[in-house]
Structures are given as structure tokens and as C-alpha cells.
Amino acid sequence: MTVKNAMTNDFLHSAYGGESMAHMRYLQWSEVAKREGFPNVAKLFVAIAYAEQVHANNHFKEIGGNADDFTVTAGAVFGMSNTVDNLQGAINGELHEIEQMYPVYLKTAIFQEEKGAERSFHFALEAEKIHAELFQQAQDSVKEGKDLELKSVLICPVCGHTVLDNAPDFCPVCGAKKQAYKEF
Ligand SMILES: [Fe+2]
Ligand SMILES: [Fe+2]
């Protein structure tokens, strides 16, 4: 719960800011998808917005709930445009987290023996891999003028693990029980 090292602390603040913005952005983009007649893509955005909230909450806890001084390092401008473009924005954001941000943050936390931050970054990294794939599937459908095929989206409230239609008996990332998953 208490971070000892400045570098890990900086990364937790940055990740908290990034996840908070991703949460809002996905809610906004779900409205666009709904307007454009893709209710399942809209649902995917709402569900994954919740997963990003789980990540933000985890990072927030590790910095002792004091996030007043976080600095926003991402310089990208996110518009509302259309769902194909919004999904590309979502894919780009997730890939940035998967390929650069969380691997670096995670290695730093391990190097600095920050167990809580390590757990929080690990949870986020694993979920973002799934998010990138789901957003890619959604974009493939929308490009063909079709909505994504799904019944529901389920999110682990502990780590943000994301799965379509059926939750596993235990979360493969954190071990939470099937019943804990939040259904969208
Ligand atoms: Fe994500
Ligand atoms: Fe989990």
C-alpha cells in the first residue's frame, strides 16, 4: 500500500491518470457506437470502461488514495468522430499499454521490490492484452457494417480480466470466483 520509491510512485500516478481517461473515453465512445447502431460494440465499450476503472482503483490504492498531483504524460487528442476511428484509438491506446507502458512500469516495480505496484501493473497488463483483441474484433465487424456478436461482457472486479458470454470458474489472472464477475 505504501510506495517507497519515486520512480514506481511516478508510474503509478501516470497509470492512474491514463486508466481514468481511458474509462471516460470508452464511455463517450460507447455513446457514438449506440448512435451509429452498434449496441454490442457500445456494450463492449461500457464493460471495458469498467475494467479500466478497476485498474485505476488498484493504482489509486497503491498510491494511498492521493492522486492530486498526477501528471498526464499522454499527449494525444481524442475526438468523438466515428466508431471505426474510435476503435482504432482504443486499439492504439491498448497496444501502447501492452507494448511499452506496463512492461516498463512492471519491470520498475519488480526492480524496486514494490509488491503492491507489481500486482496492480500485472493485472492491468494482462487485461489490456484481451482488450486490444476484442477492440480489433469489434473494428473488423463495424468495418463490414455489422455489430459485434456477443451476449454479454464479463469483467473481473479484482483485476479487470475481460471475457465474452461466460465467466470462467476462477479468474485466470487473479483467481477470483466466477460469481464475482460483473456482467454487462
Ligand atoms: Fe484496456
Ligand atoms: Fe481477476
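What translational D, rounded to a whole number of µm²/s, comes out for the stretch 89-167 from Stokes-Einstein when the hydrodynamic radius is the Kirkwood one over Cα pairs, at 25 °C and 0.890 mPa s?
Diffusion coefficient, whole number: 178 µm²/s.
In the chain, how does Rg compare with the Kirkwood Rh, expressed as the Rg/Rh ratio over alpha carbon atoms?
0.97
Report, in debye and to the nearest 20, how large the dipole of the stretch 6-148 comes out about its Cα centre when Lys and Arg carry +1 and Asp and Glu carry -1 on their Cβ.
320
Separation of the stretch 2-38 and the stretch 125-184 by C-alpha centroid, Å?
Comparing the Cα centres of the stretch 2-38 and the stretch 125-184, I get a distance of 17 Å.
Positive end of the charge dipole of the chain (Lys, Arg +1 and Asp, Glu -1 on Cβ, about the Cα centre): tell me which of VAL84, TYR26, VAL163 has its Cα farthest that way.
VAL163
For the ranges 153-161, 97-105, what's the packing order if you count other beta-carbon atoms within 10 Å of each residue, average per peptide, and put the highest first?
So the order, starting with the most tightly packed, is 153-161, 97-105.
Read-outs throughout are calculated quantities, based only on the coordinates presented, and are distinct from any laboratory measurement. This structure is a prediction, so every number in the text was calculated from the model and none was measured. So basically every Cβ, Gly included, is an ideal-geometry build from the backbone, and we count neighbours across all protein chains shown.
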